[in-house]
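One structure is given here, and the rest of the page talks about it.
The values are calculated or read from the model by the stated rules, or taken from the named source; none is laboratory data. The shown structure was predicted, so the numbers you read here are calculated from the model rather than taken from an experiment. Glycine also receives a Cβ, built like all others from the backbone with ideal geometry; neighbour counts cover every protein chain displayed. These area figures cover heavy atoms from the full protein model, side chains too; ligands, DNA and RNA do not enter into them. Shrake-Rupley method; radii C 1.70, N 1.55, O 1.52, S 1.80 Å.
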Amino acid sequence: MNRIIRYMRSKLRRFIGKRAKTTWISHSIFTESLIDISHPESPQRIPAIEKELKKQGIWKTLQKIQAPEIEDSRLALVHPRKYLRFLESMQPRKGKIYRLDDDTVMCSQSLLSARYAAGAVVKAVDMVMKKDAFHAFCAVRPPGHHAQSDKAAGFCLLNNVAIGAMHAISRFRLKRIAVIDFDVHFGDGTAEIFKDDPRVLFLNCYQQDLYPFPPQCCDGDNTHCVNIGFPSQTGSSVFREAIRAHWLPKLKAFKPELVLLSAGFDGHARDETGHLNLNEADYAWLTDKIIQTASSCKGRIVSVLEGGYTLDCLAKSAAAHLHVLAGLGQPEYALQYDRLLKDQETKNN
């Protein structure tokens, strides 16, 4: 048995390259861009995740890369120059803020931070495509999935995942990219950008009665758009059954060459912004199912931080996600939770 394990590890190392390992991409600017200490999209979010990763022993397994600022030519693949000029003109002086809407606030560093967030995703795509990384996690802020091609919304200025997808199409000529959004809020910006693009499979789940109140924003010609709306208080069993029924068959049939994850952890039962009853174990389970089902992408999975605003459950959920992305399998507490759910289902049947 040990000989077989060593052989498989050797084959895997040759396949992905000696340098390839799961990569954490971030930048110090994400902890410096402070809007308001009471604002949910806080600079404390990323240090909280990092602390939990160190506590669980995951941090030492990751390759750490500093995010670069994105080039304007990459931004232009998604956002028109007129919109970018608008954002530039709205930047306030240091110490001041400007409200684009009730939720979306800019400080003097916000646009630069957004440019580094998008740059992180482009860097991650380059690394997984060149086999310099086997999976990548972009620990970035502000989030991006509510940003439409020409409109900021929901804390988001630039659509990080959409920029990464269009970069992959442009530079690597990919024809099948899966974008999977498991944030508690509907990814309306991503839906708007890819509504008529058959090269992108968009799998999206959300709480039905939360901003931005879908489903009217995904009605284009793209048949590769699968939305799952959950009522408030949906729990683990219903969530998992819906993923099995509606996402996994579509993902397997699509055979993506690259997978991009809009990784929002605000569906956790203790998150302050959502009202689903998910557990951190659900994020480990979902990550494991995506990796197994999307085997056609050969390790080309880029995960991008979106929501998750209560620091403790954000950190634990992201750590569960990264435990699987890092090739460590599902953590023991997630496996125990799986057994608990199965026992409950058996009793109910």
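Charges at C-beta only: +1 for Lys and Arg, -1 for Asp and Glu. How large is the resulting dipole of segment 58-128 about its Cα centre, in Debye rounded to 20?
Result for segment 58-128 is approximately 220 debye, rounded to the nearest 20.
Ranked from highest to lowest mean number of other Cβ atoms within 10 Å per residue, what is the order of the peptides 166-172, 225-231, 89-95?
In descending order of packing, they fall as 166-172, 225-231, 89-95.
For Arg173 and Asp312, FRET efficiency with R0 = 56 Å and r from the beta-carbon atoms, rounded to 0.05?
After rounding to 0.05, the efficiency reads 0.85.
State, to one decimal in nm, how far the label point of Met90 lies from the label point of Gln233, with both points 7 Å from Cα in the Cβ direction.
Output for this residue pair reads 3.7 nm.
For the peptides 153-162, 314-323, what is the packing order when you average, over each peptide's residues, the other Cβ atoms within 10 Å and list the highest mean first?
Details: 153-162: 28.1, 314-323: 26.5.
Ranked by mean Cβ neighbours within 10 Å, highest first: 153-162, 314-323.
Any idea how far apart Lys51 and Leu328 come out in nm if each label point goes 7 Å out from Cα toward Cβ?
Result for the modelled spin labels: 1.8 nm.
Where both residues lie in the chain, what percent of DSSP beta bridges are antiparallel, nearest 5?
Restricted to the chain, the bridges split so that about 10 percent are antiparallel.
Among Val324, Ala114, Asn159, flag the residue with its Cα farthest along the positive direction of the charge dipole of the chain, charges on Cβ as +1 for Lys/Arg and -1 for Asp/Glu.
Of Val324, Ala114, Asn159, it is Val324.
In the structure shown, do any of Lys51/Lys252; Lys252/Lys298; Lys94/Lys151; Lys21/Lys123; Lys60/Lys252; Lys21/Lys289 have a Cα-Cα gap over 25 Å, and if so which?
Long pairs (Cα-Cα over 25 Å): Lys51/Lys252; Lys60/Lys252.
Using a 1.4 Å probe, what is the accessible area per residue for the chain, in Å²?
Normalised by residue count, the accessible surface of the chain is 44 Å².
I need the calculated FRET efficiency for the pair Ala245 and Leu112, taking r as the beta carbon distance and R₀ as 56 Å, to the nearest 0.05. List each step's numbers first, then the result.
Numbers: r = 42 Å, r/R0 = 0.76.
For Ala245 and Leu112, the calculated efficiency is 0.85.
If I take R0 = 45 Å and measure r between the Cβ atoms of Asp102 and Gln292 in this structure, what FRET efficiency does the formula 1/(1 + (r/R0)^6) give, to the nearest 0.05?
0.65
Picking from Gly299, Val78, Asn227, whose Cα lies most toward the positive end of the charge dipole for the chain (charges on Cβ: Lys, Arg +1; Asp, Glu -1)?
Gly299
Find the relative contact order for the chain and round it to a whole percent, using C-alpha pairs within less than 8 Å whose residues are 6+ positions apart.
With pairs under 8 Å counted, the relative contact order is 18 percent.
Report in % the part of the accessible area of the chain that belongs to carbon and sulfur, leaving out ligands and nucleic acids; probe 1.4 Å. Intermediate results must be reported in sequence, preceding the final value.
Details: 7720 of 15380 Å².
The C+S portion of the solvent-accessible surface of the chain is 50 percent.
Using +1 on the beta carbon of Lys and Arg, -1 on that of Asp and Glu, and nothing else charged, what's the dipole of the chain about the Cα centre, debye to 20? Write out the running numbers ahead of the final one.
Values: 48 positive and 38 negative charges, 475 e Å.
Roughly 2280 debye for the chain.
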